[in-house]
1. Go through (1) open to solvent by 90 Å² or more (accessible area, probe 1.4 Å); (2) over 14 Å from the mean Cα position of the chain (by Cα) and name the single condition MET28 misses.
2. Are any residues in segment 1-15 open to solvent by less than 60 Å² (accessible area, probe 1.4 Å), in contact with a Phe, Trp or Tyr (Cβ under 8 Å, 6 or more places away or on another chain) and not polar (S, T, N, Q), and if so, which ones?
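The values are calculated or read from the model by the stated rules, or taken from the named source; none is laboratory data. Every value quoted in this text rests on a predicted model; they were computed, and no experiment measured them. Neighbour counts are summed over all protein chains in view; Cβ atoms, including those assigned to glycine, are modelled from backbone coordinates with ideal geometry. Each accessible area value is taken on the protein alone, full model and side chains, heavy atoms only, with ligands, DNA and RNA left out. Shrake-Rupley method; radii C 1.70, N 1.55, O 1.52, S 1.80 Å.
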Amino acid sequence: MHRYGIVLYWSDEDRAFIAEVPELPGCMAHGGTQEAALRNINDAMDFWIDTARELRDRVPEPKGKRPMFA
């Protein structure tokens, strides 16, 4: 279980829900339902973090802040 913030939205172009983790650059997933997108983003976060560790790249600590909307 990760503590990173997740942005979840509907994409008309992709006809799917998209989940993004802003603190993990490029970490995104999609799904036909919100639940599927959230399951998939958890797998994507595992893969992102495992890959960063294998490459000895920095894994950012979760900030735990609420997103701001403009």
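1. (2)
2. none
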